[in-house]
Amino acid sequence: MWIPFTFNALLLYNVTVSSYRFDGLRKWLLSSLPDDRRVVLVVIGFCFGALLEGVAESGTPVTICSALLISVGWKPLDAVVITLIFDTAPVAFGALGRR
C-alpha cells in the first residue's frame with residue numbers, strides 16, 4: 001500500500017527528472033558546494049534527507065538522496081549505503097514530529 005506522502009514525493013521527483021529540473025539542481029549543487037565530498041554528503045545525505053523524511057516517510061529520502069549523490073558522481077552502492085546510515089536519526093525524529 002502506497003502512503004500518500006511517498007507517492008507525492010516520488011511524483012515530484014519524476015516531474016523534476018522529466019522537466020530537466022533535476023539536472024539543473026545537479027549543476028547548482030556542483031557549482032555551489034565545495035569540492036569536498038564530505039560536505040556534499042552532509043548537505044545532501046543528511047540535511048536534505050532529514051527534510052524529506054519530515055515531509056515523506058518510508059524510504060523516500062534514501063531513494064531521492066541516493067539519486068542526487070549518484071548524479072554528482074558517487075558510486076551507486078556507496079550512495080545508497082551512506083544515505084541509509086544518515087537516514088537513521090531523521091527517521092526517529094520525523095516520526096515523532098508527525099505524531
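Values computed for the structure shown
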quantity	calculated
Cβ-Cβ under 9 Å pairs, at least 6 apart or on other chains, region 48-62 side under 15 Å from Ile82 (Cα atoms), far side modelled with pLDDT of 75 or more and not in a helix (DSSP H, G or I)	Gly49/Asp87; Ala50/Asp87; Gly59/Asp87; Pro61/Asp87; Val62/Asp87
Restricting region 65-81 to residues that are of a type outside the set (D, E, K, R) and in a loop (DSSP other than H, G, I, E, B), the residue that is surrounded by the most Cβ atoms within 10 Å (Cβ to Cβ)	Trp74
Elements of type helices (runs of 4 or more DSSP H) contained in region 1-64, each with 1 or more residues being at pLDDT below 75	4-18, 49-55
Near pairs, Cβ below 8 angstrom, 6+ apart or cross-chain, from region 15-33 (more than 18 Å from Gly73 (Cα to Cα)) to any residue that is in a helix (DSSP H, G or I)	Val15/Arg21; Thr16/Phe22; Thr16/Leu25
Subset of region 73-99 that is modelled with pLDDT of 80 or more and β-branched (Val, Ile, Thr) - its residue that is nearest to the chain's Cα centre (by Cα)	Thr83
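The values are calculated or read from the model by the stated rules, or taken from the named source; none is laboratory data. Source: prediction; values computed, not measured. Cβ atoms come from the backbone with ideal geometry, glycine included; neighbour counts cover every protein chain shown.
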